[in-house]
1. Take 96, 68 and order them by how many other Cβ atoms sit within 10 Å, fewest up front.
2. When 86, 115 are ordered from fewest to most other Cβ atoms inside 10 Å of their Cβ, what list results?
3. Normalised by the number of residues in the stretch 23-122, what is the relative contact order in percent for Cα pairs under 8 Å and 6+ residues apart?
4. For a quick check: sort 103, 89 by the number of other beta carbons within 10 angstrom, fewest at the front.
5. Hey, which lysines would be in cross-link range of residue 35, C-alpha to C-alpha under 23 Å, not counting anything within fewer than 8 residues on its own chain?
6. Assuming 0.36 nm per residue, please report the length gained on full extension of the stretch residue 39 to residue 107 beyond their Cα-Cα distance.
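Read the figures in this text as sums done on the coordinates, not as results from a lab. The model shown is predicted, which means the values in this text are computed figures rather than measured ones. Note that we place each Cβ from the backbone using ideal geometry, even for glycine, and neighbour counts take in every protein chain shown.
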Amino acid sequence: MSRRTGAAIALCVLSALTSPAWAADAARGEQVYRKCVSCHTLEANGRNRVGPRLHGLFGRVAGSVADFRYSDALKASGIIWTDQTLDAYLKDSEGFVPGTKMYGGLSLDEDREDLIAYLKSATKTP
Ligand code: HEC
């Protein structure tokens, strides 16, 4: 390998690693959702488990599934679920909503971004 191609390859690898905007990958997000499935459902007629059903999540006011017993903290939070609020809650639930009953700490930005892309399609009415 010549020195020039070596340098070009090194440059490519570097730009792939440092590129800030990866495309969110909903298929990968479905894998990340495995961490949530024991406590949540996604379907319109889905049951509440340890956590509330997530159907219709985007644009919904936090704590608004009528037949689920939320913490007072989440009910009083006034949060509307959007990409941004969900990202903050999934990154550090307790930090974002002190007193919430959900423990959440998805520390990898990429995991949260892919998961949110997946949830967007999986929680809406087709
Ligand atoms: C061990 C059970 C458990 C797991 C695992 C879990 N959650 Fe939760 N989740 C809860 C509980 C309990 C609440 C209600 C929190 C409260 O009332 O403070 C909740 C609330 C939520 C809410 C707010 C819903 C609303 O109606 O306001 C969202 C969004 C959410 N979870 C998403 C997720 C996602 C995404 C994952 C996977 C990364 C996940 N949860 C994993 C138990 C869980």
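1. Least to most surrounded, the residues fall as 68, 96.
2. 86, 115
3. 33 percent
4. 103, 89
5. Here the lysines satisfying the reach criterion relative to residue 35 are 91, 101, 120, 124.
6. 22.6 nm
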